[in-house]
1. State which residue pairs qualify: first residue polar (S, T, N, Q) and inside segment 25-41, second residue modelled with pLDDT of 85 or more and in a strand (DSSP E or B) in any location, beta carbons under 9 Å apart, and separation of 6 or more residues or different chains.
2. Grab the helices (runs of 4 or more DSSP H) fully contained in segment 53-115, keeping just those with 2 or more residues being under 19 Å from the mean Cα position of the chain (by Cα) and surrounded by 15 or more Cβ atoms within 10 Å (Cβ to Cβ).
3. Of the residues 92, 70, 88, which is farther than 17 Å from residue 16 by Cα, out of contact with any helix residue (DSSP H, G or I) (no Cβ under 9 Å at 6 or more places or on another chain), among the basic types (Lys, Arg) and in contact (Cβ under 8 Å) with a residue 24 or more places away in the chain?
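The values are calculated or read from the model by the stated rules, or taken from the named source; none is laboratory data. Computed from a predicted structure; not experimentally measured. Here the Cβ is made from the backbone with ideal geometry for all residues, glycine too, and neighbour counts use every protein chain on show.
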Amino acid sequence: MSRPGRDDAPDRLYTLTQGRSRTGPDNPFDLVTLVVAESGPMAGMQSEHAAILRMTEFPASVVEIAAELRLPVGITKVLLCDLLAAGRVSARHPRPPAVADPDILEQVIVALRNL
């Protein structure tokens, strides 16, 4: 039984990535990496690459891109690495949450208790 929205044709995925199934060790992409297009699609470009560039006019996470393309995350990462190597996208990780000063947190707790 196949799941809806899932492409079960492995030959299509093989073709999309030109046989690559993994990215290199210097892969900057994880699920929450934000991807932003640095240029628009070009004529003759692979349709998935063009779709990614249109999708990332505004920052989008890797998992959002994979979901929109209806592709596995691993395949999406391979496509993103192609675009990154060509300078067509940039990748950045979301800012880590600021670590709050414990003294300030304690003051907030005391103030809340005093209410």
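1. 33/61; 33/91; 33/92; 39/89
2. 62-69, 73-85
3. Details: 70 fails: farther than 17 Å from residue 16 by Cα; 88 fails: out of contact with any helix residue (DSSP H, G or I) (no Cβ under 9 Å at 6 or more places or on another chain).
On inspection, the qualifying residue turns out to be 92.
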